[in-house]
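The values are calculated or read from the model by the stated rules, or taken from the named source; none is laboratory data. Given the structure is predicted, the values throughout are model-derived calculations rather than measurements. Quick reminder, even Gly has a Cβ in these numbers, built from the backbone with ideal geometry, and neighbours come from all protein chains shown.
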Amino acid sequence: MRIGFIGLGVMGAPMAGHLTAGGNTLVTCLNRSPLPEGLVATVAQNPCAVARDSDIVILMLPDTPDVERVLMGADGVIAGLNPGTLVIDMSTISPIATAQFAEAVRAAGGSYLDAPVSGGEVGAKAGSLTIMVGGAEEDFARALPLFQPMGKNITLVGTANGAGQICKLANQIIVALNIEAVAEALVFASKAGCDPARVRQALMGGFAASRILEVHGERMIARSFDPGFRIRLHQKDLALALSSARELGVALPNTATAQELMNSCSAKGLRDADHSALVQALESMADHALSGG
Ligand code: NAD
């Protein structure tokens with residue numbers, strides 16, 4: 001199959017690699033970054049030329065305006081869409097804009113899936129991503145052989161476009177609030193005089209055990225804040241959750257608080273730190289650092 005793949009960054013490059021390893025031919029276009037080392041692909045002039053040359057087009061771009069530009073621009077994917085082409089957006093973007101993009105692709109004779117992922121760079125490299133999909137069942141069935149080399153837990157969340165993006169934002173809410181809970185508990189115990197490493201070790205055997213306590217708790221104690229998943233990307237995702245919630249009439253009080261703590265980290269120059277660095281906002285409020293400061 002000829003697959004157009006636009007957005008060969010941290011996540012997209014290894015994901016595209018799994019598709020070529022499966023015998024598919026890759027077509028892409030680049031903006032500032034060169035073709036990632038080791039990836040075999042034809043480089044087209046622009047997204048329009050990528051679409052003209054592909055049966056399926058996959059996007060893995062940073063944010064909503066990037067997807068809008070690549071899809072709807074004068075030399076965008078829609079301008080070059082062949083009848084019946086399936087467009088799969090695997091970026092994390094606005095669920096509301098997603099419904100509009102899907103409508104525009106359908107009006108041009110194509111079909112659309114939103115399929116954001118969770119699992120980070122490690123999951124992208126290992127082909128073990130969680131893939132959350134919104135769109136028609138027949139499009140999901142068509143895309144499944146391409147999802148399988150990239151992911152392990154692949155779910156059609158709903159048949160409306162945007163369902164995958166909503167599910168991804170729910171994931172980001174749970175992760176942010178868990179990081180906040182772990183950070184708050186460790187700062188509390190540490191200021192009371194307990195060794196946070198021993199507190200984490202004890203809690204890992206009880207009801208409060210979690211993947212976040214294990215991985216991010218360890219990072220907080222070891223002061224290991226190299227990303228991982230960057231604060232600025234999590235801020236983007238929480239902003240999408242909060243704006244969608246406002247449209248839906250849903251209150252997300254603790255998501256709003258977590259976002260404020262991320263904002264505080266950002267103001268302290270931690271935009272590109274791992275999201276476990278959220279603990280530093282709480283340390284500052286408690287005037288106490290886990291490292292004993
Ligand atoms: P990234 O910034 O590393 O990669 C984005 C790529 O898109 C870059 O290579 C950039 O050059 C390319 N690009 C941007 N505009 C383009 C254009 N007009 N034409 C061609 N290429 C263009 O970002 P990433 O970390 O790979 O994340 C991609 C998406 O996946 C984001 O929506 C992010 O929120 C989501 N995500 C990231 C992670 C993670 O751990 N990094 C995990 C899950 C989901």
*Looking at LEU39, LEU26, which is the one that is assigned to a loop (DSSP other than H, G, I, E, B) and surrounded by 15 or more Cβ atoms within 10 Å (Cβ to Cβ)?*
LEU39
*asked:* I need the full set of residues from the range 235-262 which are touching a helix residue (DSSP H, G or I) at 6+ places or on another chain (Cβ under 7 Å) and not hydrophobic (A, V, I, L, M, F, W, C), in order please.
replied: GLN235, ASP237, SER244, GLU247, ASN254, THR255, GLN259
*Restricting the search to the range 36-55, which residues are farther than 17 Å from MET90 by Cβ and either within 12 Å of the ligand (Cβ to nearest atom) or touching a Lys or Arg at 6+ places or on another chain (Cβ under 7 Å) (or both)?*
VAL43, ALA44, GLN45, ASN46, CYS48, ALA49, ASP53
_Restricting to the range 204-241, count the residues that are touching a Ser or Thr at 6+ places or on another chain (Cβ under 9 Å), over 30 Å from SER94 (Cβ atoms) and in a helix (DSSP H, G or I)._
4
_So GLY109, is it touching a residue at least 24 places away in the same chain (Cβ under 8 Å), more than 9 Å from the ligand (Cβ to nearest atom), on the phi > 0 side of the Ramachandran plot and of a type outside the set (A, V, I, L, M)_ = yes
*Search the range 151-162 for residues that are among the basic types (Lys, Arg) and pair each with any residue that is at pLDDT 95 or above when their beta-carbon atoms are under 6 Å apart and the residues are at least 6 apart or on different chains.*
LYS152/SER128
_Selected residue (only one of ALA160, ALA183 is modelled with pLDDT of 95 or more and out of contact with any His (no Cβ under 9 Å at 6 or more places or on another chain))_ = ALA160
*Test GLY4 against the stated conditions and say whether it is small (Gly, Ala, Ser), part of a strand (DSSP E or B) and surrounded by 20 or more Cβ atoms within 10 Å (Cβ to Cβ).*
yes
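Quick grid of which residues meet (1) within 30 Å of ALA97 (Cβ to Cβ); (2) in contact (Cβ under 8 Å) with a residue 12 or more places away in the chain; (3) of a type outside the set (Gly, Ala, Ser):
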position: GLU180; (1), (2), (3): yes, yes, yes
position: VAL187; (1), (2), (3): no, yes, yes
position: PHE207; (1), (2), (3): no, no, yes
position: LEU240; (1), (2), (3): yes, yes, yes
position: MET285; (1), (2), (3): no, no, yes
position: LEU290; (1), (2), (3): no, yes, yes
_If THR255 meets every condition in (1) touching a Leu at 6+ places or on another chain (Cβ under 8 Å); (2) hydroxyl-bearing (Ser, Thr, Tyr); (3) loosely packed, with under 13 Cβ neighbours inside 10 Å apart from one, which number is that one?_
(3)
_Quick test of your reading of the structure: PHE225 fulfils all but one of (1) surrounded by fewer than 19 Cβ atoms within 10 Å (Cβ to Cβ); (2) within 16 Å of the ligand (Cβ to nearest atom). Name the failing condition by number._
(1)
*Take the residues of the range 56-100 that are in contact (Cβ under 8 Å) with a residue 40 or more places away in the chain and more than 14 Å from the ligand (Cβ to nearest atom): which is farthest from LEU19 (Cα to Cα)?*
ILE96
*Where in the range 82-178 are the helices (runs of 4 or more DSSP H), entirely inside, with at least 3 residues that are crowded, with 18+ Cβ neighbours inside 10 Å?*
95-107, 137-147
*Select from the range 1-35 the residues that are under 17 Å from ALA126 (Cα atoms) and either near the ligand (Cβ under 10 Å from one of its atoms) or basic (Lys, Arg) (or both) and list them in ascending order.*
LEU8, GLY9, VAL10, MET11, GLY12, ALA13, PRO14, MET15
*Of the numbered conditions (1) over 16 Å from ASN46 (Cβ atoms); (2) part of a helix (DSSP H, G or I), VAL67 satisfies every one except a single condition; which is it?*
(1)
